[in-house]
Amino acid sequence: MSTRRTVEYSVSRTPEMGPNRQPVAMPFLPLGVEPEMQGEHMLINIGPQHPATHGVLRIVLELDGETVVKCTPHVGYLHSSFEKLGEYRTWNQIIPLTDRMDYLAPLIYNCAYAMAVEKLMGVEVTERCKVTRVICMELDRIFSHLLWVGTTAIDIGAFTVFLYTFQERERIYDLHEAFTGARVTPSSTRIGGMMADLPAGWIEQLQHFIDTFPRTLDETETLLSNSNLWIGRNRDVGVINGADAIDYGLTGPNLRASGVDYDIRKDRPYYDYDSYDFDVPVGVHGDCYDRYLVRMEEMRQSLRILQQAVDRLPGGAMNVDDPRLILPGKGDAMSDMESMIHHFKVVMEGVKAPPGESWYGIESSKGELGMYVVSDGGSKPVRWRVRGPSFINISTLPKLVEGYMLSDVIAVNASLDIVLGEIDR
């Protein structure tokens, strides 16, 4: 069993590395200007159709010159009513909806939902399924962080990094497709197991990714970590201390970048995460640069977990041996009457959960992801609610940008790593 260890990062903050920006005291008034001569504030909209909002997000900014006086995020442009739709779908039919909440890390949402329902039903998945789900979740943690660093680099002006990271994302897309048949929305889990067992050669393909991906991480850090452009746009920008981060409800990399050592995989372990040897990267200053450093190191730690999961992946069945949950094999359904009956009931009536409620929280790529389900004993939930990290992350944007410059809004918003599919659920 691994001991709890944290990794702290600190950049040498010398003047030549970039301006030491601090928020301007409000209201802003240029030196020597009489109050009655102060100009009017200007309102501008960023989004909802703007590449730097990372989705259909509208940010209304009140500016005094180029200084942000007030920031108001407007959400709801992508509202899809996922939680309400879930009340009219069977337990397994909800899984495709979870894909579309965070389409940047869909396997994590697949697993979190299945784990909540299985907890309600008292189902313990097989060891092979547990390790497979750990692989899926850590692979998509890397998948999400790669998109984050690539698109953030474009926002700030480093285009080459985008090409490097998206080339690696394509390799993970290939792993998605080989396992599930889909690239973006895999819908991989089922209540009691997975949609299928791992195909032949998949683990070898994953092992090749584990062996070769660190080179791209090294190249990305070479391009960014000591770049004057990157440091100047991120250092001392969007600062939030640990106490305020906790008060706002931040979790995940954004919380750890503020110096708070909290990771659900360590603090409330699930799927034997306490038996994996990995470190929790923790920042020092709580600015955009530390949020970048934490996510870069998290990808390296996910690689460590993936390697251990591959090494310990057991044989045996992927799904639980329960005909009330899992469809029988096609051969059995076509030749055995009892199997045919079970097949008919699972398909036509759906899996039935006992009356009660269940909450399951896991560490997603963006923070704490909680799934809450309520059952009345039928094949559909009475309520399905999601505690999504992006919704909390975006609520901190006004605090992080007010008093900074207009150009800093782009860097700060990117550093929070939001996805609007989960916010507008």
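Some notes on this structure:
- Of the set (1) within 24 Å of the chain's Cα centre (by Cα); (2) on the phi < 0 side of the Ramachandran plot, all apply to S81 but (2).
- Total residues in the range 235-283 satisfying the condition of being touching a residue at least 40 places away in the same chain (Cβ under 8 Å), in contact with a helix residue (DSSP H, G or I) (Cβ under 8 Å, 6 or more places away or on another chain), of a type in the set (S, T, Y) and surrounded by fewer than 24 Cβ atoms within 10 Å (Cβ to Cβ): the figure is 5.
- The number of residues in the range 53-104 that are under 30 Å from R190 (Cβ atoms) and of a type in the set (A, V, I, L, M) comes to 7.
- Residue in the range 227-242 that is closer than 30 Å to A114 by Cβ and either polar (S, T, N, Q) or touching a Ser or Thr at 6+ places or on another chain (Cβ under 9 Å) (or both) present: no
- Test: residue in the range 198-214 that is over 22 Å from R295 (Cα atoms) and in a strand (DSSP E or B): no
- The residues on offer are L107, L146, and the sole one that is touching a residue at least 24 places away in the same chain (Cβ under 8 Å), within 29 Å of N226 (Cβ to Cβ) and in contact with a helix residue (DSSP H, G or I) (Cβ under 8 Å, 6 or more places away or on another chain) is L146.
- Taking the listed residues S358, S390, S375, S335, the one that is small (G, A, S) and under 30 Å from A257 (Cα atoms) is S390, with no other qualifying.
- Unmet criterion (only one of (1) under 26 Å from E363 (Cβ atoms); (2) surrounded by fewer than 17 Cβ atoms within 10 Å (Cβ to Cβ); (3) aliphatic (A, V, I, L, M)) for M101: (2)
- Criterion (under 27 Å from I154 (Cβ atoms), out of contact with any strand residue (DSSP E or B) (no Cβ under 8 Å at 6 or more places or on another chain) and not in a helix (DSSP H, G or I)) met by exactly one of V60, V123, V68, V56: V56
- Pair list, Cβ under 8 Å, 6 or more apart: the range 52-68 residue without any contact (Cβ under 8 Å) to a residue 60 or more places away in the chain and over 11 Å from L397 (Cβ atoms), other residue small (G, A, S) and part of a loop (DSSP other than H, G, I, E, B): R58/G47; D64/G39; G65/G39
- For the range 410-418, the criterion of a residue being β-branched (V, I, T) and closer than 25 Å to G65 by Cβ is satisfied by at least one position.
- Residues that are surrounded by 13 or more Cβ atoms within 10 Å (Cβ to Cβ) and aliphatic (A, V, I, L, M) were ranked within the range 43-55; the one that is farthest from the chain's Cα centre (by Cα) is I46.
- Those residues of the range 95-119 which are part of a helix (DSSP H, G or I) and within 15 Å of T180 (Cβ to Cβ), in sequence order: I95, P96, T98, D99, P106, L107, I108, Y109, N110, C111, A114
- Yes/no for I362 being closer than 30 Å to V419 by Cα, modelled with pLDDT of 95 or more, in contact with a strand residue (DSSP E or B) (Cβ under 9 Å, 6 or more places away or on another chain) and β-branched (V, I, T): yes
- Only helices (runs of 4 or more DSSP H) whose full extent lies in the range 354-425 are considered here, and the ones with at least 1 residues that are more than 16 Å from the chain's Cα centre (by Cα) and buried (at least 22 other Cβ atoms within 10 Å of the Cβ) are 397-401, 406-416.
- Qualifying residue in the range 185-202 (condition: buried (at least 22 other Cβ atoms within 10 Å of the Cβ) and of a type in the set (D, E)): no
- Where a residue in the range 302-317 is modelled with pLDDT of 95 or more and its partner, wherever it lies, is assigned to a loop (DSSP other than H, G, I, E, B), with Cβ under 6 Å and at least six apart: R304/F278; I305/Y276; I305/F278; Q308/Y276
- Residues considered: S335, S339. Of these, the only one that is surrounded by 14 or more Cβ atoms within 10 Å (Cβ to Cβ), at pLDDT below 90 and either more than 32 Å from the chain's Cα centre (by Cα) or more than 24 Å from G377 (Cβ to Cβ) (or both) is S339.
- Selection over the range 149-197 of residues that are touching a residue at least 40 places away in the same chain (Cβ under 8 Å), under 30 Å from A353 (Cβ atoms) and part of a loop (DSSP other than H, G, I, E, B) gives a count of 9.
The values are calculated or read from the model by the stated rules, or taken from the named source; none is laboratory data. Everything numeric here is computed off the predicted structure, so don't read it as measured data. With ideal geometry, Cβ positions are generated from the backbone for all residues, glycine too; neighbour counts draw on all protein chains shown.
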